[in-house]
1. Could you pull out the trypsin sites (Lys or Arg not before Pro) across the stretch 103-207 that fall in loop regions by DSSP (anything but H, G, I, E, B) with no more than 11 other Cβ atoms inside 10 Å?
2. Tell me the mean residue ellipticity at 222 nm calculated for the chain from its helices only (DSSP H runs of n ≥ 4, each -39500 (n - 2.57), averaged over every residue, nearest 500).
3. Before anything else, pin down the relative contact order of the stretch 148-250: Cα pairs under 8 Å, at least 6 apart, normalised by residue count, whole percent.
4. Could I have the simple spin-label model distance between Y19 and K162, label points 7 Å from Cα toward Cβ, reported in nm to one decimal?
5. Give me the dipole magnitude in Debye, nearest 20, for the stretch 67-156 about the Cα centre, with unit charges on the beta carbon: positive for Lys and Arg, negative for Asp and Glu.
6. For a quick check: sort W78, W225, W45 by the number of other beta carbons within 10 angstrom, fewest at the front.
7. Would you list the P(r) distribution for the chain, with all Cα-Cα distances sorted into 10 Å bins from 0 and each bin expressed as a whole %?
8. Show the residues, 5+ positions off or on another chain, whose built amide H is closer than 5 Å to the amide H of S168.
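Bear in mind these aren't lab numbers, they're just calculated from the coordinates by the rules spelled out. Note that the coordinates shown come from a computational prediction; the quantities given were computed from them, not determined experimentally. Note that each Cβ is placed from the backbone with ideal geometry, even for glycine, and that neighbours are counted across all protein chains shown.
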Amino acid sequence: MNNEIMQQFRELFGRRADYSIVLTNHTSDFTTAIYPPLQFEYRKWSVGLVSIDTAYSFANIYEKNNIFTYSVDNGTTWKTITLPVGCYEITSINDVIKDFMLQNGDTGIEITANYITLGCNVSITPTTHRVNFNIENSIGATLGFDPVTISTGVNISQHIAKISSVNSIIVNCSIVGNSYLKGSNYPVLYSFFPNVAPGRKITKEPQNVVYLPLNTGSISNIRIWITDQDGNTLDFRGEEITVRLNFKYI
């Protein structure tokens, strides 16, 4: 901020007006320096998230669950498919695996969602084909399968598919007070889950902004970091993240 903007900012605060600030970066954990620091009447100001804009780009298939291994000769030899890191639905997992199999000159394996069990079906047509989920970094657990080898027929996963481990996207802000996550004090400013498909743009503008008190009377920097419900930082893979905050006099 230049001196003129800072002066306007202070004058607005002096009149007890609301004020917004926009923070943006290409990483999901970033800090913006504020100089000179903003000074507040402690415990008399609050902050709320007005909007967040980014893309549904965090991966659900990555290096720890992107291996699909199959055989076309009753398990004598095995072929390995490595799915590119990305955002997948069950249909897109099936499409990518079938494309790689075709490049190998193979067909006969189909992966579909099982809407009754909430798992997956792996249908294997040729009697000589096998799929091995008992390997390191297998996609099997993501599809709901135990570490087993399956063969001809419709194979129903033993468990619910874990296509995404993210149940909630948490926007954390370093200047927030009086907020909790799983019973512990944690600077959660806002939480949501995208209502768009993977790869689509996310735009969230809460209709009723929740204002939380500031945890300091002097702000020299603001850190924003975005995690899942377990506190794991989400990797948006370089997509720009823009957060707009609104300050409000209590």
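1. On the way: sites: R130, K162, K182, R200, K201, K204; in loops: K162, K182, R200.
Taking the stretch 103-207 and a limit of 11 other Cβ atoms within 10 Å, the loop trypsin sites (Lys or Arg not before Pro) found are K182.
2. Working: 3 runs with 30 residues, N = 250.
The per-residue figure over the chain is -3500 deg cm²/dmol.
3. Values: 99 pairs, mean separation 30.8, N = 103.
Once normalised by length, the contact order is 30 percent.
4. 4.6 nm
5. Details: 3 positive and 8 negative charges, 21 e Å.
So the magnitude is around 100 debye.
6. On the way: W78 14, W225 18, W45 22.
Exposure proxy ranking, most exposed first: W78, W225, W45.
7. Histogram of Cα-Cα distances, whole percents per bin: 7, 26, 24, 17, 12, 9, 4, 1.
8. Residues meeting the criterion, in which the H sits 1.01 Å from N, are Q229.
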